[in-house]
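Presented below is the structure to which this report refers.
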Amino acid sequence: MKYLAIIPARGGSKGLPGKNIRQLLGKPLIAWTIEHAFESECIDCVHVSTDDAGIADVARTYGADVPYMRPSELAQDTTLTEPVMAYALDWYESAGCLFDAIVLLQPTSPLRLPG
C-alpha cells in the first residue's frame with residue numbers, strides 16, 4: 001500500500017501568530033511532525049499544505065513535499081480540513097500519483113510515535 005501524509009499548516013493564526021514555525025525544543029513546531037512522518041515505516045510521501053512561504057521553506061528544509069501554495073480560499077479561519085485534503089489529493093491525482101491511504105498529521109500535535 002502507498003500512504004500519503006498530509007500536514008495542513010495555515011499561516012494566518014490569530015491566536016498564536018507563526019505557531020507552525022515557532023521553536024519547540026530547538027526545532028520549528030512543524031519539523032517534529034515532518035520528522036515523525038519520515039520515521040514511520042508506512043508513509044511514502046510527506047506533504048505540507050500551506051499558504052505561507054515561511055512555512056513552505058521550513059517544510060522543504062525538513063524534506064517535506066510542498067508542490068504548490070494553498071489557495072487563499074482554502075486558508076481562511078473557517079476553512080475545514082477536508083477540503084484542504086481533497087485539494088491535495090486532486091493535485092497528486094492530476095500529477096499521476098495515486099495513494100491507497102491518507103494520514104492526516106496536525107502540526108500542532110507534535111507528540112506522537114512513528115507507528
Problem set entry | R22 - accessible surface, heavy atoms, 1.4 Å probe, Å² rounded to 10 | 110 Å²
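Counting other Cβ atoms within 10 Å of each Cβ, which GluC sites (Glu not before Pro) in the range 14-61 have at most 15 and sit in a DSSP loop? Walk me through the intermediate numbers first.
Working: sites: E35, E39, E41; in loops: E41.
Of the GluC sites (Glu not before Pro), the ones in loops of the range 14-61 whose Cβ has at most 15 other Cβ atoms within 10 Å are E41.
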For this session: Quick one: give the max-minus-min coordinate of the C-alpha atoms of the chain along each principal axis, largest first, in Å.
Result: 36, 32, 21
For this session: Over the chain, average the accessible area per residue using a 1.4 Å probe and give it in Å², no decimals.
Result: 55 Å²
Problem set entry | In Å², nearest 10: area of L98 left accessible to a 1.4 Å probe | 120 Å²
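Counting each DSSP H run of 4 or more residues in the chain as -39500 (n - 2.57), what helix-only mean residue ellipticity at 222 nm follows after dividing by all residues, to the nearest 500 deg cm²/dmol? If you can, show how the numbers build up before the last one.
Working: 3 runs with 34 residues, N = 115.
Per the formula, -9000 deg cm²/dmol.
Roughly what % of DSSP beta bridges within the chain run antiparallel, to the nearest 5? Working shown, then result.
Numbers: 2 of 13 bridges.
Antiparallel bridges: around 15 percent, rounded to the nearest 5.
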Seminar exercise, completed: Of the accessible area of the range 1-67, computed with a 1.4 Å probe and all protein chains kept, carbon and sulfur make up a percent value of 52 percent
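The values are calculated or read from the model by the stated rules, or taken from the named source; none is laboratory data. The structure presented is a predicted model; accordingly, all values stated were derived computationally and were not measured. Neighbour counts are summed over all protein chains in view; Cβ atoms, including those assigned to glycine, are modelled from backbone coordinates with ideal geometry. Heavy atoms of the whole protein, side chains included, go into the accessibility calculation; ligands, DNA and RNA do not. Shrake-Rupley method; radii C 1.70, N 1.55, O 1.52, S 1.80 Å.
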